[in-house]
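To keep things clear, I will list the structure first and then write my remarks on it.
Readers should treat all values here as calculations from the given coordinates under stated rules, not as data from a laboratory. All figures in this text were calculated on a predicted structure; none of them were measured in a lab. Backbone-built Cβ (ideal geometry, glycine too); neighbour counts: all protein chains shown.
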Amino acid sequence: MKTNILGLAVKESEVIANELNILLSNFQVYYQNLRGIHWNIRGKRFFDLHVKFEELYTDSQIKIDLIAERVLTVGGTPLHTFEDYIQNNQLVVGKNISNDEKAVQLIVTSLSHLLKMEREILTKSSEINDEGTNAMMSDFIAEQEKTIWMMQAWLEESL
């Protein structure tokens, strides 16, 4: 079996890089959704949600960079065009969402889908002992599960 400089199997690392690029594309759409709801949110909860959405898009910006750097680390080239992002996107695109409940529901739905993708990557990276990708996916999953829980608690309060 041919390995790369990290000691990981080359073919399997290419699969991981591809999966990370799909995740990267979806995170870019998630990021843009967050920007949109941050800009367009209206209503009595504006001040709280405006700040929360900024916190979330800032966090997703960091994650986007981490994913792209991991793609490079395992030997791939990170996708970086809107065309690539749209082609690989699996998330709902939130357009002109100003309602607080719809905005929070978009976040929950998006994060739920990102979690599925991250778990698939975690499974594949575990199979080849890619601890760097494992650690990143584990961290993302733990943070996003907590965010989903908080957003669902908020949605229950607002019903």
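Listed values, structure above:
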{"quantity": "Share of Cα-Cα pairs in the range 44-92 lying beyond 19 Å, as whole percent", "calculated": "46"}
{"quantity": "Length-normalised contact order for the range 83-159 - Cα pairs under 8 Å, 6+ apart - percent", "calculated": "35"}
{"quantity": "Footprinting exposure proxy for SER112, SER60 (fewest neighbouring C-beta atoms within 10 Å first)", "calculated": "SER112, SER60"}
{"quantity": "Semi-axis lengths (Å, descending) of the ellipsoid that matches the C-alpha gyration tensor of the range 10-158", "calculated": "29, 16, 11"}
{"quantity": "Per-peptide average of other Cβ atoms within 10 Å, ordering 137-146, 10-19 highest first", "calculated": "10-19, 137-146"}
{"quantity": "Alpha-carbon centroid distance for the pair the range 25-61 / the range 101-123, whole angstrom", "calculated": "15"}
{"quantity": "Cβ crowding within 10 Å averaged over residues, with 41-52, 20-31, 64-75 ranked highest first", "calculated": "20-31, 64-75, 41-52"}
{"quantity": "Filter on LYS95/LYS116; LYS11/LYS124; LYS52/LYS102; LYS44/LYS102 - keep pairs with C-alpha separation over 19 Å", "calculated": "LYS95/LYS116"}
{"quantity": "Cβ-based charge dipole, the range 11-159, positive-most Cα from HIS80, GLN28, ALA153", "calculated": "ALA153"}
{"quantity": "Computed [θ] at 222 nm, helices only, for the chain once each DSSP H run of length n ≥ 4 contributes -39500 (n - 2.57)", "calculated": "-27000 deg cm²/dmol"}
